[in-house]
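Engineer: Structure in structure tokens, see below.
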Amino acid sequence: MTTREIVVVSGKGGTGKTTVTASLVALLAGQGLFCDADVDAPNLELLLGPTPLRDDPFHGMPVALVDPDACVSGGLCARECRFSAVAMVEGKAVVDSDACEGCGLCVHRCPVRAIRLTDVVKGRLLESRTPYGPLFHGRLFPGAANSGKLVQQIKDNARSRAREETLPWIIVDGPPGIGCPALSAMSGADLVLIVTEASRSAQSDLRRLVETARPFRHPLAVVLNKAGLAPDEEDNLRRFCAETDLPLLGTIPFDRAIAAAQAEKIPPLERIREPLEAIFRNVVRLLDRNPERG
Amino acid sequence: MTTTRKATRAAAGPVTEMKIAVASGKGGTGKTCVAASLALSASGILAVDLDVEEPNLALLFGATPQESMLVTRPRPHVDENRCTGCGICARECRFGAVNVFGRKVLFSHELCHGCGLCMRLCPTGAIFEEERPVGEMRRYRCDGVELLEGRLWTGQMNPVPVIESTLDAAEAFEGNAVWDCPPGTSCSMVAAVRRADAVILVTEPTPFGAADLELALQVLQKMGKKASVVINRCDLGEADIDGLCSRYDAPVAARLPFSREVASRYASGEAPARSDPLWQEAMKTLWAKIGRENP
């Protein structure tokens, strides 16, 4: 049996990515495993009530570390670092491990070999049990880089578990934006489901996300959330989807009750069961049309 | 000329020479609405869009760009006549951005961080660098607000160089500035708020809003920066934002109730302070507080 992986992204934040993901999780309870790949604002876990099973350190790229006793205060490392990660403090080189990208230039340039690359814990890799199935998630320490690498490790862990247990679904709550964590989250997906709203801002972000994802040939589809707030903009969105061959799998009406459901920390599926079930049927239909991928 | 400009601006705004970063942790809480409204509620403001992955501030001004400047970063190239195919560059690159096939060197520019290591290590000096665009900056002018926008090009992985270049360009402006920052708490958010004089965090009283606000407050605490908090849609959710704010010593500076009218005007590209009296009042209060806290 093959495992199908749906990655939910949005470009713009706050369009309802996690609401849609949580609803898919509730629909697929017991049939899959779930990932929270929004590692610097992890919200899916808040809805699923996880019981922790594993908590491992996440190492980013190894970063430079200066031995202050060996440092002869030449300052070459600070001058040549392209990322302004090395500063001379009281005559000694000091590396800002959040700014350091781990390129190793300073290691090679230091005339007295006072610098080496070392592993630094940049976050946590987590695995939990939830009433719906296993949850793979993570936490990036505040201000840290390498979120793309953490996302990739979360997905790798989820995929190997899905293979072991022959689970049919992996549902991933992705990060906002179009940069490295979003690209990492989308990689290898059977379907990238973009949750958008009709606002001009969200549409501009949707266009940029589609432009980013298309060269990777990810199958893309759109869900319109918070429908009913701006009918003219919704027409523009429908036109854009039609023109760019982007399937619009369904709409979820704007509803104060959905926000209220989130305030109670329950997956809001019950409030929006009908549109969500229709969206899920459309997802399955779309995946059945492209069965050989993955 | 410069002094005249500066004097006019200093007289116009409630504070002078303040760089105010508007950030949020969670996306979609109303960060861009607050940034745009704040900029519209005083005169002579430079609005800066640092949310370079999804720049939307200009949409709320209805502005069209007047000028665009490229943001470039150095990327390596090889002079094939001098390359011996020794492979040191590929072996030492920590990002897997260099591959050597026989005597042919191939650079993957999308993986390259532009660190310059390969060029430094090449024993025959065959590697040189050229500036390649990774994004752009756009300049807009609308309703007395000057707007500078950083825009990462799609397909580029790293937003930080575009944020840094946009901030460098913004420094030429004398006067108050409002910065619309990226969501989250990772490297791009840190790069955006690092040079600010004051930080405003926009949140909502949902469990998501509260959890992400706490992460943002932790980052700022680590950076030694103080924040004030705006609670948007303050009547949608029960999370104890006030308790959280007092634990982190971050005063709540404004509360804005949910309004269907504001939401649908925002959808069509209108900043709330243009028409909503509650937002106009809240922005005045915010400017006054910023002025008091940063004399």
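The values are calculated or read from the model by the stated rules, or taken from the named source; none is laboratory data. Here the structure is a predicted model, which is why all the values come from computation and not from measurement. Cβ: placed from backbone, ideal geometry, glycine included. Neighbour counts: every protein chain shown. For accessibility, only protein heavy atoms count, side chains too; no ligands or nucleic acids. Shrake-Rupley method; radii C 1.70, N 1.55, O 1.52, S 1.80 Å.
Engineer: Among the candidates B:178, B:262, single out the residue that is open to solvent by 10 Å² or more (accessible area, probe 1.4 Å), in contact with a helix residue (DSSP H, G or I) (Cβ under 8 Å, 6 or more places away or on another chain) and either more than 9 Å from chain A (Cβ to nearest Cβ) or part of a loop (DSSP other than H, G, I, E, B) (or both).
Structural biologist: Checking each option against the conditions leaves just B:262.
Engineer: Does at least one position in the stretch A:99-109 carry a residue that is touching a His at 6+ places or on another chain (Cβ under 6 Å), in a helix (DSSP H, G or I), within 14 Å of chain B (Cβ to nearest Cβ) and of a type in the set (Asp, Glu)?
Structural biologist: Scanning the stretch A:99-109, I find no residue that is touching a His at 6+ places or on another chain (Cβ under 6 Å), in a helix (DSSP H, G or I), within 14 Å of chain B (Cβ to nearest Cβ) and of a type in the set (Asp, Glu), so the answer is no.
Engineer: A further question on this structure: Which members of the stretch B:220-240 meet the condition of being over 20 Å from residue B:32 (Cα atoms) and either more than 20 Å from the chain's Cα centre (by Cα) or of a type in the set (A, V, I, L, M, F, W, C) (or both)?
Structural biologist: B:223, B:237, B:238, B:239, B:240
Engineer: Only residues that are within 13 Å of another protein chain (Cβ to nearest Cβ), outside any helix (DSSP H, G or I) and under 22 Å from residue A:146 (Cα atoms): list them for the stretch A:179-213, please.
Structural biologist: Residues satisfying the conditions are A:179, A:187.
Yes/no per residue for (1) touching a strand residue (DSSP E or B) at 6+ places or on another chain (Cβ under 9 Å); (2) closer than 17 Å to residue A:8 by Cβ; (3) small (Gly, Ala, Ser); (4) open to solvent by less than 20 Å² (accessible area, probe 1.4 Å):
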residue: A:136; (1), (2), (3), (4): yes, yes, no, yes
residue: A:143; (1), (2), (3), (4): no, no, yes, yes
residue: A:146; (1), (2), (3), (4): yes, no, no, no
residue: A:160; (1), (2), (3), (4): no, no, yes, no
residue: A:170; (1), (2), (3), (4): yes, yes, no, yes
residue: A:192; (1), (2), (3), (4): yes, yes, no, yes
residue: A:207; (1), (2), (3), (4): no, no, no, no
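Engineer: Among the residues of the stretch B:198-224, what is the count of those that are open to solvent by less than 50 Å² (accessible area, probe 1.4 Å) and part of a loop (DSSP other than H, G, I, E, B)?
Structural biologist: Within the stretch B:198-224, residues that are open to solvent by less than 50 Å² (accessible area, probe 1.4 Å) and part of a loop (DSSP other than H, G, I, E, B) number 3.
Engineer: What pairs come up if the first residue lies in the stretch A:243-264 and is modelled with pLDDT under 95, the second is part of a helix (DSSP H, G or I) and open to solvent by 60 Å² or more (accessible area, probe 1.4 Å), and their beta carbons are under 6 Å apart, counting only those six or more places apart or on different chains?
Structural biologist: Matching pairs, first to second residue: A:257/A:271; A:258/A:271; A:261/A:271.
Engineer: Would you point out the residue of the stretch B:91-124, among those that are part of a helix (DSSP H, G or I) and either in contact (Cβ under 8 Å) with a residue 60 or more places away in the chain or charged (D, E, K, R) (or both), that is most open to solvent (accessible area, probe 1.4 Å)?
Structural biologist: Ranking the qualifying residues of the stretch B:91-124, first place goes to B:91.
Engineer: Do you know which of the residues in the stretch A:110-132 that are within 25 Å of residue B:76 (Cβ to Cβ) and surrounded by 17 or more Cβ atoms within 10 Å (Cβ to Cβ) is nearest to the other protein chains (Cβ to nearest Cβ)?
Structural biologist: Within the stretch A:110-132, the match that is nearest to the other protein chains (Cβ to nearest Cβ) is A:117.
Engineer: Report, by residue number, each residue of the stretch B:146-175 that is in contact (Cβ under 8 Å) with a residue 40 or more places away in the chain and part of a loop (DSSP other than H, G, I, E, B).
Structural biologist: Once the filter is applied, which keeps residues that are in contact (Cβ under 8 Å) with a residue 40 or more places away in the chain and part of a loop (DSSP other than H, G, I, E, B), the stretch B:146-175 yields B:155, B:156, B:157, B:158, B:159, B:173, B:174, B:175.
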